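The values are calculated or read from the model by the stated rules, or taken from the named source; none is laboratory data. Everything quoted here is computed from the prediction, not taken from an experiment. Cβ placement follows ideal geometry from the backbone for every residue including glycine, while neighbour counts extend to all protein chains displayed. Areas reflect the complete protein model, heavy atoms only, side chains present, ligands, DNA and RNA absent. Shrake-Rupley method; radii C 1.70, N 1.55, O 1.52, S 1.80 Å.
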Amino acid sequence: MIELSGVFYSYDDEEVLRDINLTIREGERLVLLGINGSGKTTLLKILNALLFPQKGIYTYFGVRVEKGKLKDREFTKKFRKEVVLLFQNPDVMLFNPTVYDEMAFSLRQLGFGEREIRERVLYWADRFGLLPYLDRTPFRLSGGQKQKLCLACLLVLEPKVLLLDEPTANLDPKTTGWLVDFLYDLKVTTLVSTHNLSLAPELGDRLIVLGEDHTLIYDGRVEEFLKDEDKMLKAGLLHRHRHKHGDKEHSHYHLHDHL
Ligand code: ADP
């Protein structure tokens, strides 16, 4: 459904994505792993057509996604409904006076009728435990509730592809567990970014890794990657430490795992 071929992206002189080739099939659950600054957010923004490859090609179901294509209103409407991105910081996504309006916003934009909007909003509010808050302002919700609301705002669209940018970064362990379980049960193509190696196996079955050199250095099963010291070093996820004990020096690898 999604294909990136030879994609490059730079901000000014800083190259942040280099020759990215990636095919995603419907129903896959991918984890995008990379240290901070490796280019994960940029890649997700390209997949969400907020940024466009400066070199290379992005196709969605065979249609080339480029700036000019977004002038095609039919395509844009379909694309914005089907491919959605959960930003890292929920606050940038919330701006409506009530939780209900927040959840209804995109559906209204896309021309859905009020009856269908109400049905979808109530369904997802119920699933996410947000029913008691529908008339309240989103800004007073807790961090975890805001994250749930942002996710609900995307799921009301019944998307085909759900992109999530470090969704667990600001969540407590309980809400993180809830999200992991929720994503596991969700029958939608997902791509979740994280810099947390220990969470990677929980967030998907197929792992892709952005290296410090901004190329895709791995595409495969999570378990295989965890056995590959060279690749982990290249990703900046493993570090060689040297210690002195008395007059003896020894060195060992140290896993960088940021919780
Ligand atoms: P990640 O999500 O893996 O942390 P990003 O895609 O956010 O990586 O960023 C990759 C690099 O690009 C970082 O060095 C970051 O500072 C830089 N960068 C990101 N966004 C911008 C921007 N809008 N302008 C200039 N540089 C940016």
State yes or no: is LEU163 in a loop (DSSP other than H, G, I, E, B), surrounded by 13 or more Cβ atoms within 10 Å (Cβ to Cβ) and touching a Leu at 6+ places or on another chain (Cβ under 9 Å)?
no
Within segment 64-80, can one find any residue that is loosely packed, with under 14 Cβ neighbours inside 10 Å, within 12 Å of the ligand (Cβ to nearest atom) and at pLDDT 95 or above?
no
Taking the condition of being under 17 Å from LYS174 (Cα atoms), outside any loop (DSSP other than H, G, I, E, B) and open to solvent by 50 Å² or more (accessible area, probe 1.4 Å), how many residues in segment 129-151 meet it?
0
In segment 83-125, how many are among the hydroxyl-bearing types (Ser, Thr, Tyr), free of Cβ contacts under 8 Å to residues at least 40 places away in the same chain and either in a loop (DSSP other than H, G, I, E, B) or buried (at least 18 other Cβ atoms within 10 Å of the Cβ) (or both)?
1
Take ILE24 and decide whether it is under 19 Å from the mean Cα position of the chain (by Cα) and surrounded by fewer than 19 Cβ atoms within 10 Å (Cβ to Cβ).
no
Scan PHE52, PHE61, PHE87 and give me the residue that is at pLDDT 95 or above, within 28 Å of LEU32 (Cα to Cα) and in contact with an Asp or Glu (Cβ under 7 Å, 6 or more places away or on another chain).
PHE52
Per-region count, segment 201-224, residues in contact with a Leu (Cβ under 9 Å, 6 or more places away or on another chain), within 16 Å of the ligand (Cβ to nearest atom) and open to solvent by 20 Å² or more (accessible area, probe 1.4 Å):
4
Filter result for the condition that a residue is in contact with a strand residue (DSSP E or B) (Cβ under 9 Å, 6 or more places away or on another chain) and either of a type outside the set (Gly, Ala, Ser) or within 24 Å of LYS45 (Cβ to Cβ) (or both), over ASP228, ASP185:
ASP228
Residues within segment 162-194 that are more than 16 Å from the ligand (Cβ to nearest atom) and out of contact with any Pro (no Cβ under 7 Å at 6 or more places or on another chain), tallied
19
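Here's the yes/no breakdown for (1) modelled with pLDDT of 90 or more; (2) closer than 29 Å to CYS150 by Cβ:
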| position | (1), (2) |
| --- | --- |
| THR175 | no, yes |
| PHE182 | no, yes |
| VAL188 | yes, yes |
| ALA200 | no, yes |
| ARG221 | yes, no |
| LYS227 | no, no |
| LYS231 | no, no |
| ASP247 | no, no |
| HIS250 | no, no |
Within segment 177-200, can you find the residues that are open to solvent by 60 Å² or more (accessible area, probe 1.4 Å) and within 15 Å of the chain's Cα centre (by Cα)?
TYR184
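If you go through segment 16-58, how many residues are assigned to a strand (DSSP E or B), within 10 Å of the ligand (Cβ to nearest atom) and touching a Phe, Trp or Tyr at 6+ places or on another chain (Cβ under 7 Å)?
2
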